[in-house]
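Contents: one structure, followed by commentary.
What follows is calculated from the coordinates using simple rules that are stated; it is not laboratory data. Everything numeric here is computed off the predicted structure, so don't read it as measured data. Every residue, glycine as well, gets a Cβ built from its backbone with ideal geometry; the counts of neighbours run over all protein chains shown.
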Amino acid sequence: MTWQEVARFSSPIEAEIARGFLEAQGLTVNLVQEGAARAMGVYVGPFGEISLLVPEDQAERARELLDALQRGEYQASLPPWLPDEPNGDEGEPSSQEE
């Protein structure tokens with residue numbers, strides 16, 4: 001299998017989010033970081049970059065999905081058991097003002 005880089009990230013959190021998103025869409029994903037940087041926990045500069053790789057035949061679809069994600073075309077939805085507002089007040093002003 002031939003792998004192709006479709007994105008680079010300076011943050012491991014962003015890389016993991018992208019990986020999870022693409023895997024949820026059915027793509028195969030591999031994240032790669034320079035060995036020494038990973039061992040030392042370096043996430044700055046060129047040594048800290050994380051490459052997102054997919055099989056060559058999935059590269060075009062992966063780029064399309066990541067572009068759509070960047071444009072905001074995908075939105076996370078909350079589970080039905082969570083309230084819409086963190087404090088459950090449906091966005092009404094707080095009565096704690098004095």
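Pop a pseudo-label 7 angstrom from the Cα along the beta-carbon direction at both A24 and W81 and give the gap in nm to one decimal.
Between A24 and W81, the simple spin-label model gives 1.9 nm.
Would you kindly derive the ³J(HN,Hα) couplings of the range 12-17 from the backbone phi angles with the Karplus curve 6.51 cos²θ - 1.76 cosθ + 1.60 (θ = phi - 60°), listing them in order in whole Hz, with x for Gly and Pro?
Once θ is set to phi - 60°, the couplings for the range 12-17 become x, 5, 4, 5, 5, 4 Hz.
Going by how many other Cβ atoms sit within 10 Å of their own, how do R71, R8, R61, R19 line up, fewest first?
By the 10 Å Cβ count, ascending, the order reads R71, R8, R61, R19.
Calculate the FRET efficiency for I17 and D67 from the Cβ-Cβ distance with a Förster distance of 22 Å, rounded to the nearest 0.05.
0.90
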